[in-house]
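**Student:** Let me begin by handing over the structure; questions about it come next.
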Amino acid sequence: GRYLQYTIQKAKHDKMTNDLNTIFSGKVEKTMYSLIDNEVGLIYLNPTSGTVEDNTILVIKTTSQRLAKEELMNLLQQHATTHNNNIESYLSSFQMDEGTTIPIYAFPYDRLGEYLFGPLFSKIATSYFSFVDNYLIMASNQKVLTNIIATNIRQQTIDKDLEFQDMKDNLSESGNLY
């Protein structure tokens, strides 16, 4: 029963740990957990193409965007060195407008969400990442990341929607649904 399920999950996690340590030549788990500021979530976008998984974003609140970017760049540099790559090959840019360019990074391990947070995140690929404020955002492709970045920059998010604000204002304080 539960022991067998735990054993299978532990073996899978141990294999993922070995894979990650091989890919990055170091301790990824400790580095990533040190960056997380008690919030992790998933964003499901309305897919115009691809699968639901292709249109899902892993969102991690970081203690500091600067520190998170620095640590992730260190991981990418380790990967680049180990695999004889140039660090620049991991970087692309999203040109929002003439004055706004957002860096997007390729991440060489697409199961980071599952590794850090368990099977609930098993279908979410973490092939690319970027930042929105103090949030690390990861997705299977650059198009999904640029979509969510543009939505945030244009302030077209649900918290800016007047109908949502009206509904939120009318919710009972004592309710547990928010």
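The values are calculated or read from the model by the stated rules, or taken from the named source; none is laboratory data. Please read these numbers as outputs of a predicted model, since none were measured by experiment. Positions of Cβ are backbone-derived with ideal geometry, glycine not excepted, and every protein chain shown enters the neighbour counts. Side chains included, ligands, DNA and RNA excluded: accessible areas come from the protein's heavy atoms. Shrake-Rupley method; radii C 1.70, N 1.55, O 1.52, S 1.80 Å.
**Student:** For residues that are more than 15 Å from the chain's Cα centre (by Cα) and open to solvent by 80 Å² or more (accessible area, probe 1.4 Å), scanning just region 35-76, find the one that is nearest to ALA125 (Cα to Cα).
**Tutor:** Ranking the qualifying residues of region 35-76, first place goes to VAL52.
**Student:** Mind listing whichever residues of region 118-127 are buried (at least 17 other Cβ atoms within 10 Å of the Cβ) and either touching a strand residue (DSSP E or B) at 6+ places or on another chain (Cβ under 6 Å) or not hydroxyl-bearing (Ser, Thr, Tyr) (or both)?
**Tutor:** Of everything in region 118-127, those that are buried (at least 17 other Cβ atoms within 10 Å of the Cβ) and either touching a strand residue (DSSP E or B) at 6+ places or on another chain (Cβ under 6 Å) or not hydroxyl-bearing (Ser, Thr, Tyr) (or both) turn out to be PHE121, ILE124, ALA125, THR126.
**Student:** Here's a check for you: in region 131-156, which residue that is polar (S, T, N, Q) and in contact with a Phe, Trp or Tyr (Cβ under 7 Å, 6 or more places away or on another chain) is surrounded by the most Cβ atoms within 10 Å (Cβ to Cβ)?
**Tutor:** Going through the qualifying residues, I end up with THR146.
**Student:** Based on what the data block shows, is THR82 open to solvent by 50 Å² or more (accessible area, probe 1.4 Å), more than 15 Å from the chain's Cα centre (by Cα) and farther than 23 Å from LEU120 by Cβ?
**Tutor:** yes
**Student:** Return the total of residues in region 46-64 being part of a helix (DSSP H, G or I), farther than 17 Å from TYR115 by Cα and either modelled with pLDDT of 95 or more or among the charged types (D, E, K, R) (or both).
**Tutor:** 1
**Student:** Quick check on region 42-52. Is at least one of its residues in contact with a Gly (Cβ under 7 Å, 6 or more places away or on another chain) and within 21 Å of PHE131 (Cα to Cα)? Before you say what the answer is, go through the steps one by one.
**Tutor:** Step one: filter region 42-52 for residues in contact with a Gly (Cβ under 7 Å, 6 or more places away or on another chain), giving none.
No, region 42-52 contains no residue that is in contact with a Gly (Cβ under 7 Å, 6 or more places away or on another chain) and within 21 Å of PHE131 (Cα to Cα).
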